[in-house]
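Visitor: Handing you this structure, nothing more for now.
Read-outs throughout are calculated quantities, based only on the coordinates presented, and are distinct from any laboratory measurement. Not measured: the values here are computed from a predicted model. FYI the Cβ positions are ideal-geometry reconstructions off the backbone, even for glycines, and counts take in every protein chain you see.
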Amino acid sequence: MSSPLFSAPRSVTTARLSLLPPSPEQLPDLIRLKADPRVFGWMLHGTRTPDRTREELEDDMEFWRVRGYGTWSVFLRESGAFLGICGLMERPDGRGVALRYALWPEVRGHGYAREAARAALEFGHAAGLERIIAIARAENTASRAVLADIGMREVGSYLYQGNLMLVHESLRPRTSV
């Protein structure tokens, strides 16, 4: 078992966003988000049932406890509106720790995904993660643009259920001595 990088889940704030570690209070928002095909139709394993979302929330809280990083719920700081999720998770296919994000379509185009993804990537590298990947479908140009804008570079591809998946990576910046 890995030791936690931090002793407890940590919130992150950016200029416009609050990224909050998973908690039971977020379940109604997460159920709506993960059941929406416009949002989770792009994600690995697609949309979720309410029961599956509840299980994933419990898994996310445990992942934070064990690993010291994980997925946050993303809120606007000014209004408290729930925008979606962003964070770092161990990929089930063994490819490594991956950045993931999923925001409501209605809030896209304002740079929120970019802001949250950059914060999650910086958090992960500051926590000691040397390599963080992200996977995007080739046709998901918006997600690929976010990954490029935060400095991730395309390093490979593979087919998944007939879809071309592009692998991006970010390597922890080396500090000069």
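Visitor: Quick one: how many residues across the stretch 37-57 are part of a helix (DSSP H, G or I), surrounded by fewer than 15 Cβ atoms within 10 Å (Cβ to Cβ) and under 16 Å from the mean Cα position of the chain (by Cα)?
Guide: Total meeting the criteria: 0.
Visitor: Considering only residues that are among the aliphatic types (A, V, I, L, M) and either within 21 Å of T14 (Cα to Cα) or part of a helix (DSSP H, G or I) (or both), which ones fall in the stretch 135-156?
Guide: A142, A145, V146, L147, A148, I150, M152
Visitor: Let me spell it out: the conditions are (1) in a loop (DSSP other than H, G, I, E, B); (2) without any contact (Cβ under 8 Å) to a residue 24 or more places away in the chain, and P92 meets all of them except one. Which number is the exception?
Guide: (2)
Visitor: Shifting gears a bit: Does the stretch 120-158 hold any residues that are hydrophobic (A, V, I, L, M, F, W, C) and out of contact with any strand residue (DSSP E or B) (no Cβ under 7 Å at 6 or more places or on another chain), and which are they?
Guide: Those that are hydrophobic (A, V, I, L, M, F, W, C) and out of contact with any strand residue (DSSP E or B) (no Cβ under 7 Å at 6 or more places or on another chain): A126, A127, A142, A145, V146, A148, I150.
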